[in-house]
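> Sharing a structure with you now.
The values are calculated or read from the model by the stated rules, or taken from the named source; none is laboratory data. Remember, it's a predicted structure, so these values are computed and weren't measured experimentally. Positions of Cβ are generated from backbone atoms using ideal geometry, with glycine treated the same way; all protein chains shown enter the neighbour counts.
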Amino acid sequence: MTVIRVPLSWLNDFVDIRDLDPIELAERLTLAGLEVEHIRWVGLNPSPRYHVPPERMDEGDGLGWERDKLFVGEITRTERHPDADRLLLATVEYGGVKPMTIITGAPNLRPGDRGLKIAFAVIGARLVDPYAEGTKTMVLKAGKIRGIQSEGMACSEKELGISEEHEGIILLPADAPVGMPLADYLGDAVLEMDLTPNLARNLNILGVAREVAALFNRPLKRVQPELARIAGIVRPEAMPRPDQPAEPFVQIVIEAPDLCPRYTATLIRDVQIGPSPHWVQDRLRKAGVRPINNVVDATNYVMLEWGQPTHAFDYDLLLERAIKAKQGVGTEPVLPPSSSGRSPTEPVLPTIIMRRAKPGETMTTLDGNERQLTPDMLMIADTLGPIAVGGVMGGLETEVNERTRHVLLEAASFDFINNRRTSQALRLPSEATARFSKGISAELTIPAASRCAHMMAELAGGRVVAGVEDCYPLPQHSAVVEITPAEVQRILGMDVPASQIQEILERLEFAVEEIPPPADRAAQRIETLRVTAPWFRLDVSIPADLIEEVARVIGYDQIPTTLMDDALPPQWRNWALESKERVRDLLMGAGLQDSISYALIGAELNRKLLAAQGEPVYDTLAGRAPADAPLPLILDPETLVRLENPLTPAADRLRSTLLGSMVNALAANLRAVGRVALFEIGKVYWPIPGERLPAEPEHVAIALAGPREAGAWLNRNDTLMDFFDLKGVIEELLERLGLLASATFEPATHPLFGPKAARVLLKGKPLGVLGELHPAVRRAFDLPETRAAVAELQLAPLAAAISARQTMQPLSSFPAIKEDLALLVDESVTAEQVEMAIRQAGGSLLRDLVLFDLYRGKQVPAGKKSLAYALTFQADDKTLKDADVEKVRRRIVARLGQTVGAELRG
Amino acid sequence: MHDLQRLRDQALAGLAAAGDETALEAWRIQYLGRKGQVLELLRAIPDLPAAERPAFGQAANALKGELSAAFDERAQAVAQSKLAAELAAEGVDVTLPGRRPQLGRLHPSNQTLREINGIFAAMGFQVYTSPDVETDELNFELLNMPPGHPARDMWDTFYTTTPGVIMRTHTSPGQIHAMRALGPDKPIRVILPGMCYRYEQVTARSEMMFHQVEGLAIGRRITMADLKGVIVEFANQLYGAGRRLRFRCSHFPFTEPSVEADVDCILCRGKGCAICKYTGWLEIMGAGMVHPTVLRNGGYDPAEWSGFAFGMGPERITMLKHGISDIRYFFGNDVRFLEQFG
């Protein structure tokens, strides 16, 4: 996106827009694809439709110059203040009944000056306070300095809210009409437009004027002779080649026509370098360019007006270099594969060579920096060496300076892709590359050069040498595209007759030719149009491009709004998405907050996860398929997918586990709140050897820390959440997905965790890991001294289960009998072993089994633990008797004794 | 008989004084118990002269009946007043906070994503996803942006250290993935939600990571009028019925014609405010007719098939909806932010 500023006063040079409300103009342009982001009002009161409140406006916006207080004035007399050396008295005619006297200290005014046109404010005028920060307005008051009354003021740009310029007073052109309200003479609105890259042709005043002319169906004004030669000409073949100069002044050699298809040079003799007149400076400033001197300003002015960047060389400096080279100082061989066809003649002439840079070549650009050049960059060189980076920046040595007498003006065309690469490689974005790098027509060179040369002559008193040196080895061809109303209908869904298509395209300066139907269908309407793009349209190559032109001129709002009547594509169940969202719902139901963290992490995050190890030993995939990888996978940060151009080292590679960001989130939140229960479903990125792209499995991470209950008055439970809270969440999740029966938990040892850690497997395959963080890891993450339990699970195995059926168990109508069973077992015996023994022996009558107590201590021998279970017995077909239950119970006790050495506790 | 009368008065007075269950029980034992005074009287009947016996017996029995009835009545009254006192003691300050179950909440982005998925599902669009780490070819080249194309500047790209591999800058490469997976000779209607990455300074208004939802419809009779219809339908469902929409010409290399859709500002209803930058409009998505080159790259013949694509940012939608001023909250994982939504 490129921003340009279009003063409406300048636009009006090319298309009459005086009757249009700037808001209306801006809206139409915006709808047609030229987005006006903002309107800056200069001396004009904003249109009533402009809704921006005054306090939100930019500097000067909204300071409408009062028509009865600000005028074009003329200084008829200037003399020293009798009592103040530094002050002047000026007499000003401004159309009032009698001239007024003002006191001024303006540095650009001298005693004896007369006939100067100024911006004159009478007492009572509202102006910008030049000494205030930002934009504050003030009312001009009558003042007396050393006995003399000042009756008004000659304004600076700052006082008028035009710019920050407060060095001197504005000097208006000599033909400014005295007495005209300043708002009418100098008032303006500037459209600030942000243009998409396809609109390179519109990055200038004329380009916007062409759009306005087409959209409002108005003629382009052809007020300037140079413009007349170009604006009406549609086809490049009709564009006249310029006359060759009667006297040769330069030789042009294009060695790299692929990078520089056209180079033209014009000579302007006897220029006088100096400041530009106010109207030029005013336009440049409004368009966002700083005035420098008349020659440079002319090149910038033409670039802003026509979109063709040009470059001004000091011709004498080029000549000196040519002579030096001829004397053998230079080394540049002159090859003429594609030259302007003139052989070098005596006396010595500069030779401009367009070639690729040589390896190791350097050049100092006009910003004073020495640039390292590479062979894919286009150099503009002479016989002594490089003098500019083509289309990017000129060289310091041949730059126009205060002593310049003759100017060699370059207007050339460059390959836009190469230009963009070079400006990026050299980090030299400029107004020129903003245009060249998006592609502008080679046909623009001659008219823009001509306009610029004449402008220099006008501003700097020079003389344009007749004729132009033009080297154009690769002439541009205009696109020819055929289009039919049927195709327009097929894409837009709207009927546009051939005549309207033709009318619109012709407004946009396309040449349209009707192709008559074949002889056997001669009576039919003309249905095919052959369309030739105007020379400035490089963005058109297929019918769709023309369809967009037709649509945007008609207006997108005119296209009907319909609902698709095309066939509905086959629909399918998206199990992966459905189950992911089901997992999300279950975890939210379990009281966890859904979260999303950055996929980009810094190297230190994985290192911190392994803080419990002195020298981290990272996990590896070790050739396993991603689905079989045991979690967590804390990979060596060096092996992660890494960014070439990170914004910050803290986000320069892609995470291999969700746990790093999860623990970070825990730590950050625990600084603000006491209890955190979070989960995230997100991608991790695993580099796969031999693959360009990483695997991107989705994982589920869970983190718990803080008290079990939120700590309300009713249910205070300050017990900290621990491993079993986390395991409970996972068991609940698995159960609800119908997976708990196929899941097993086994002890895990991983440096991320302390002793409370487990792996969870699903049908024997790794599903994930859970545990309480190792204290060293907690410290590394600056977590407070509290338990923190985290888990990470693979999503895919969970998702695969969602369609699984859960078989219904019949409900018994017979009473159940509950029995408690308290056991003593060795510490090494696991709950799972005990439970399995009970279930196996309990058979079908054992309906439920709940561990209700785990006890160590008094009355339990060392090395033993007591487990107490509540058993529920029930039959489907009868009421159980005590004897039935007693039989099963004895079987269970016997089995427990054999398998896990359990004894009954009295 | 006089004794009976005195006993009656005494008992009834005692009953009236018994205010709780303990006193009542003591009274019952004293008067109506097995050793109570009434039974004592009855037991004493045989000692009376025979002539007095019937009258006295009758009177004593009557007294027993009367006292029993009075006792039952009194017991009920005491029970009732006890219950009333108990209930009165149960009275609570109903403005005290309730016992709330701890339920988790949905991330605001996921909330919006679910909404978007739902709205488009009803229009026959299904969810299709593709990788975050993408090739330059898919992210740019096949979307009509050859290397060096100036339009690439529209997306500031994170490059990986593997040449030609980047973080996707938009969900648009999913268009090619979807066409190649679901095509070539079948119509397509999918949305492609996913995370995108941009090399952009992280500020209140721009993030280096954000969601996008791309949409793609391909068929033999899909037009720009259909695209407008789908956008209008979506906007009215997401932002409420009666929205005004505006369609502007725009440019994306992978669509032609291209369009930018604006909805009238949901805050000021088009009058102009700080949120809509005083334009009255909010940009909601970029869209367009799929470029023939992109159709071809996806395996579809652009002479026979046409389609549209659109893309939108759920975080932006969420920010507008909830008045969130800073996009950095979304992935900061601050529960004080997250717990305000979902």
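> Do you know which residues across region A:333-375 are farther than 18 Å from residue A:313 by Cβ, assigned to a loop (DSSP other than H, G, I, E, B) and at pLDDT 90 or above?
Within region A:333-375, A:357, A:358, A:359, A:360, A:361, A:369, A:373, A:374, A:375 qualify.
> Okay, moving on. Hand me the list of helices (runs of 4 or more DSSP H) wholly inside region B:106-198 holding 1 or more residues that are charged (D, E, K, R) and under 20 Å from residue B:318 (Cβ atoms). Before the answer, list the steps.
Values: elements: B:108-121, B:136-139, B:173-182.
Filter on region B:106-198 gives B:108-121.
> Oh, and also: Looking only at region A:657-670, decide whether some residue is part of a loop (DSSP other than H, G, I, E, B), assigned by TED's automatic domain parsing to the domain that holds residue A:682 and closer than 30 Å to residue A:691 by Cα.
First, pick out the residues of region A:657-670 that are part of a loop (DSSP other than H, G, I, E, B): A:657-658.
Still in the list and also assigned by TED's automatic domain parsing to the domain that holds residue A:682: A:657-658.
Right, trim to closer than 30 Å to residue A:691 by Cα and you get A:657-658.
Scanning region A:657-670, I find at least one residue that is part of a loop (DSSP other than H, G, I, E, B), assigned by TED's automatic domain parsing to the domain that holds residue A:682 and closer than 30 Å to residue A:691 by Cα, so the answer is yes.
> Next question. Identify, from the list B:270, B:242, the residue that is part of a loop (DSSP other than H, G, I, E, B), among the small types (Gly, Ala, Ser) and farther than 25 Å from residue B:114 by Cα. It would help to see each step written out before you state the result.
On the way: B:242 fails: farther than 25 Å from residue B:114 by Cα.
Residue meeting the stated conditions: B:270.
> Got a number for residues in region A:727-745 being closer than 23 Å to residue A:854 by Cα, of a type outside the set (Gly, Ala, Ser) and within 14 Å of chain B (Cβ to nearest Cβ)?
Looking only at that region, the number is 2.
> So, of the residues in region A:69-96 that are more than 22 Å from residue A:177 (Cα to Cα) and free of Cβ contacts under 8 Å to residues at least 24 places away in the same chain, which turns out to be surrounded by the fewest Cβ atoms within 10 Å (Cβ to Cβ)? Before the answer, list the steps.
Our first condition is that a residue be more than 22 Å from residue A:177 (Cα to Cα); within region A:69-96, this holds for A:79-89.
From what is left, the residues that are free of Cβ contacts under 8 Å to residues at least 24 places away in the same chain are A:85-86, A:88.
Numbers: A:85: 6, A:86: 8, A:88: 21.
Checking each candidate, the answer is A:85.
> Any residue that is over 30 Å from residue A:122 (Cβ atoms) and buried (at least 18 other Cβ atoms within 10 Å of the Cβ) - is there at least one of those in region A:166-180?
Step one: filter region A:166-180 for residues over 30 Å from residue A:122 (Cβ atoms), giving none.
No - not one qualifying residue is present in region A:166-180.
> OK, next. With respect to residue A:538, determine if the residue is more than 7 Å from every other protein chain (Cβ to nearest Cβ) and either at pLDDT 95 or above or farther than 20 Å from residue A:207 by Cβ (or both). Don't jump to the end; show me each part of the working.
Details: more than 7 Å from every other protein chain (Cβ to nearest Cβ): yes; either at pLDDT 95 or above or farther than 20 Å from residue A:207 by Cβ (or both): no.
In short, no.
> Applying the selection to region B:86-125, what residues are within 30 Å of residue B:160 (Cβ to Cβ) and either within 7 Å of chain A (Cβ to nearest Cβ) or of a type in the set (Phe, Trp, Tyr) (or both)? First the steps, then the outcome.
Of the residues in region B:86-125, the ones within 30 Å of residue B:160 (Cβ to Cβ) are B:107-110, B:112-113, B:116-117.
Result: B:107, B:109, B:110.
> Just to be sure, is residue A:583 assigned by TED's automatic domain parsing to the domain that holds residue A:749, buried (at least 18 other Cβ atoms within 10 Å of the Cβ) and touching a Phe, Trp or Tyr at 6+ places or on another chain (Cβ under 7 Å)?
Details: assigned by TED's automatic domain parsing to the domain that holds residue A:749: yes; buried (at least 18 other Cβ atoms within 10 Å of the Cβ): yes; touching a Phe, Trp or Tyr at 6+ places or on another chain (Cβ under 7 Å): no.
When the stated conditions are applied, residue A:583 does not pass them.
> Name every residue in region A:755-781 that is within 18 Å of residue A:722 (Cα to Cα) and touching a Phe, Trp or Tyr at 6+ places or on another chain (Cβ under 9 Å), in order of residue number.
A:756, A:757, A:758, A:759, A:760, A:769, A:770, A:771, A:772, A:773, A:774, A:777
> Suppose we filter B:225, B:204 for residues that are in a loop (DSSP other than H, G, I, E, B) and either at the interface with another protein chain (Cβ under 7 Å from one of its Cβ atoms) or surrounded by fewer than 19 Cβ atoms within 10 Å (Cβ to Cβ) (or both); which single one remains? Quick ask: steps written out before the conclusion?
Numbers: B:225 fails: in a loop (DSSP other than H, G, I, E, B).
Answer to the selection: B:204.
> Right, here's the next one. Can you tell which of A:590, A:622, A:599, A:629 is out of contact with any helix residue (DSSP H, G or I) (no Cβ under 7 Å at 6 or more places or on another chain) and within 11 Å of chain B (Cβ to nearest Cβ)?
A:599
> A further question on this structure: Looking at (1) more than 11 Å from chain B (Cβ to nearest Cβ); (2) at negative phi; (3) not charged (D, E, K, R), can you tell me which one residue A:714 breaks?
Looking at each condition in turn, residue A:714 falls short on (1).
> As an exercise: evaluate residue A:696 against (1) more than 14 Å from chain B (Cβ to nearest Cβ); (2) free of Cβ contacts under 8 Å to residues at least 24 places away in the same chain; (3) not hydroxyl-bearing (Ser, Thr, Tyr) and give the number of the one condition it does not meet.
Here residue A:696 meets the rest and fails (1).
> If you don't mind, another one. Give the residue that is farthest from residue B:331 (Cα to Cα), with candidates limited to residues of region B:207-222 that are among the aliphatic types (A, V, I, L, M) and facing another protein chain (nearest Cβ under 9 Å).
Residues of region B:207-222 among the aliphatic types (A, V, I, L, M): B:208-209, B:213, B:216-218, B:222.
Imposing the further condition that a residue be facing another protein chain (nearest Cβ under 9 Å) reduces the set to B:208-209, B:217-218, B:222.
Values: B:208: 11, B:209: 9, B:217: 31, B:218: 34, B:222: 37 Å.
Residue satisfying both the conditions and the ranking: B:222.
> Follow-up question, since we're still on this one. Report those helices (runs of 4 or more DSSP H) wholly inside region A:255-326 carrying at least 2 residues which are farther than 17 Å from residue A:391 by Cα and either outside the structural domain of residue A:366 (by TED's automatic domain parsing) or touching a strand residue (DSSP E or B) at 6+ places or on another chain (Cβ under 7 Å) (or both). I'd like the intermediate steps shown before the answer.
On the way: elements: A:278-286, A:294-306, A:315-326.
Fully inside region A:255-326 and qualifying: A:278-286, A:315-326.
> Further question on the same structure: Filter region A:461-507 down to residues that are small (Gly, Ala, Ser), assigned to a helix (DSSP H, G or I) and in contact with an Asp or Glu (Cβ under 9 Å, 6 or more places away or on another chain), then give me how many there are.
From region A:461-507, those small (Gly, Ala, Ser) are A:461-462, A:466-467, A:478-479, A:486, A:493, A:498-499; that's our starting set.
Next, from what is left, pick out any that are assigned to a helix (DSSP H, G or I): A:486, A:498-499.
Now narrow it down to the ones that are in contact with an Asp or Glu (Cβ under 9 Å, 6 or more places away or on another chain): A:486, A:498.
The total comes to 2.
> Taking the conditions exactly as written (out of contact with any Cys (no Cβ under 7 Å at 6 or more places or on another chain) and free of Cβ contacts under 8 Å to residues at least 40 places away in the same chain), does residue A:420 satisfy them or not? Break it down into steps so the answer makes sense when it comes.
On the way: out of contact with any Cys (no Cβ under 7 Å at 6 or more places or on another chain): yes; free of Cβ contacts under 8 Å to residues at least 40 places away in the same chain: yes.
So residue A:420 fits the description; yes.
> Within region A:542-562, does at least one residue satisfy the condition of being out of contact with any strand residue (DSSP E or B) (no Cβ under 6 Å at 6 or more places or on another chain), of a type in the set (Ser, Thr, Tyr) and at the interface with chain B (Cβ under 9 Å from one of its Cβ atoms)?
yes
> Please find, among A:533, A:576, the residue that is surrounded by fewer than 22 Cβ atoms within 10 Å (Cβ to Cβ) and either modelled with pLDDT under 95 or more than 14 Å from chain B (Cβ to nearest Cβ) (or both). Explain how you work it out, then say what you get.
Values: A:533 fails: surrounded by fewer than 22 Cβ atoms within 10 Å (Cβ to Cβ).
Every option except A:576 fails the conditions.
> Of the conditions (1) assigned by TED's automatic domain parsing to the domain that holds residue B:252; (2) at negative phi; (3) touching a residue at least 60 places away in the same chain (Cβ under 8 Å); (4) surrounded by fewer than 18 Cβ atoms within 10 Å (Cβ to Cβ), residue B:124 fails just one. Which one is it?
(2)
> Pairs please, first residue from region A:872-887 and assigned by TED's automatic domain parsing to the domain that holds residue A:844 and under 11 Å from residue A:813 (Cβ atoms), second anywhere and loosely packed, with under 15 Cβ neighbours inside 10 Å and acidic (Asp, Glu), Cβ atoms under 9 Å, 6+ apart in sequence or on different chains.
Qualifying pairs under 9 Å: A:874/A:848.
> Being facing chain A (nearest Cβ under 7 Å), under 29 Å from residue B:126 (Cα atoms), crowded, with 20+ Cβ neighbours inside 10 Å and out of contact with any Gly (no Cβ under 6 Å at 6 or more places or on another chain) is the filter here; which residues of region B:159-192 pass it? Talk me through it step by step, then tell me what you get.
Of all residues in region B:159-192, those facing chain A (nearest Cβ under 7 Å) come to B:159-162, B:165, B:186-189.
Restricting the remaining residues to those that are under 29 Å from residue B:126 (Cα atoms) gives B:165, B:186-189.
Those still in the list that are crowded, with 20+ Cβ neighbours inside 10 Å too: B:187-189.
Selection gives B:188 alone.
> Moving on. Of all strands (runs of 3 or more DSSP E) completely enclosed by region A:743-799, which ones contain at least 1 residues that are acidic (Asp, Glu) and in contact with a strand residue (DSSP E or B) (Cβ under 9 Å, 6 or more places away or on another chain)? Walk me through it before giving the result.
Details: elements: A:743-747, A:753-762, A:765-773, A:788-794.
Of the strands (runs of 3 or more DSSP E) lying wholly inside region A:743-799, those with at least 1 residues that are acidic (Asp, Glu) and in contact with a strand residue (DSSP E or B) (Cβ under 9 Å, 6 or more places away or on another chain) span A:743-747, A:765-773, A:788-794.
> For residues that are at the interface with another protein chain (Cβ under 7 Å from one of its Cβ atoms) and of a type in the set (Gly, Ala, Ser), scanning just region B:228-251, find the one that is surrounded by the fewest Cβ atoms within 10 Å (Cβ to Cβ).
Filtering first and then ranking leaves B:229.
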